[in-house]
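J.: Below you will find the structure I want to go over with you.
The values are calculated or read from the model by the stated rules, or taken from the named source; none is laboratory data. Because the structure is predicted, anything quoted here is derived from the model rather than measured. Cβ placement follows ideal geometry from the backbone for every residue including glycine, while neighbour counts extend to all protein chains displayed. Remember, those area values only see protein heavy atoms, side chains included, never the ligands or the DNA or RNA. Shrake-Rupley method; radii C 1.70, N 1.55, O 1.52, S 1.80 Å.
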Amino acid sequence: MLALRDEYTDEPNRSNAGLVDSRHGLECSGRWQKDEEGKGLVLALLCEQDGVRTESKDRAADIAQIGDSLIVRWNKGAEGAEILRRFQDISTG
């Protein structure tokens with residue numbers, strides 16, 4: 001599951017993204033920001049596997065949105081691309 005939260009403009013270093021892959025015991029957190037063109041997102045995640053920080057599992061990706069789907073093109077930590085569908089919006093308030 002990939003979770004993208006609203007950007008924290010007043011706290012630019014605060015995590016606003018998370019990835020959980022329970023099949024592989026992987027939990028990641030990090031940040032997204034708009035790409036240079038402002039059309040997509042760039043994602044960077046630091047990861048733990050089975051509770052242990054594992055640099056080799058860190059992830060980086062470019063994300064494009066088409067309707068309720070995200071196309072995640074992995075640049076680091078995984079290969080290829082995934083299409084993820086929006087499950088739900090969660091209110092943080």
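J.: Using Cα positions and a limit of under 19 Å, work out the lysines in reach of K57, with same-chain residues fewer than 8 apart set aside.
T.: K76
J.: Hey, another quick one. About the Cα centre of the chain, what is the dipole size in debye to 20, counting +1 per Lys and Arg Cβ and -1 per Asp and Glu Cβ, all else neutral? If you can, show how the numbers build up before the last one.
T.: Values: 13 positive and 18 negative charges, 33 e Å.
In total the dipole reaches around 160 debye.
J.: Just the accessible area per residue of the chain, please: how many Å² with a 1.4 Å probe? Mind dumping the intermediate values first?
T.: Details: 6960 Å² over 93 residues.
Using a 1.4 Å probe on heavy atoms only, each residue of the chain averages 75 Å².
J.: Another one. Pick out, from G38, A81, Q65, the residue whose Cα sits farthest towards the positive end of the charge dipole of the chain, with +1 on the Cβ of Lys and Arg and -1 on the Cβ of Asp and Glu.
T.: A81
J.: Fully extended, how many nm does the chain gain between W74 and L46 (0.36 nm per residue separation, minus their Cα-Cα distance)? If you can, show how the numbers build up before the last one.
T.: On the way: separation 28, 0.36 × 28 = 10.08 nm, distance 1.38 nm.
Between W74 and L46, full extension yields 8.7 nm more.
J.: Among the trypsin sites (Lys or Arg not before Pro) within the stretch 29-93, which fall in a DSSP loop and have no more than 14 other Cβ atoms within 10 Å of their own Cβ? Intermediate values should be presented prior to the final figure.
T.: Values: sites: R31, K34, K39, R53, K57, R59, R73, K76, R85, R86; in loops: K39, R86.
Answer in residue order: K39, R86.
J.: Shifting gears a bit: Compactness ratio of the chain: Cα Rg over 2.2 N^0.38 Å, N = residue count? Each step should come with its number before you reach the end.
T.: Working: Rg = 13.1 Å, N = 93, 2.2 N^0.38 = 12.3 Å.
Scaled against compact globular proteins, the figure is 1.06.
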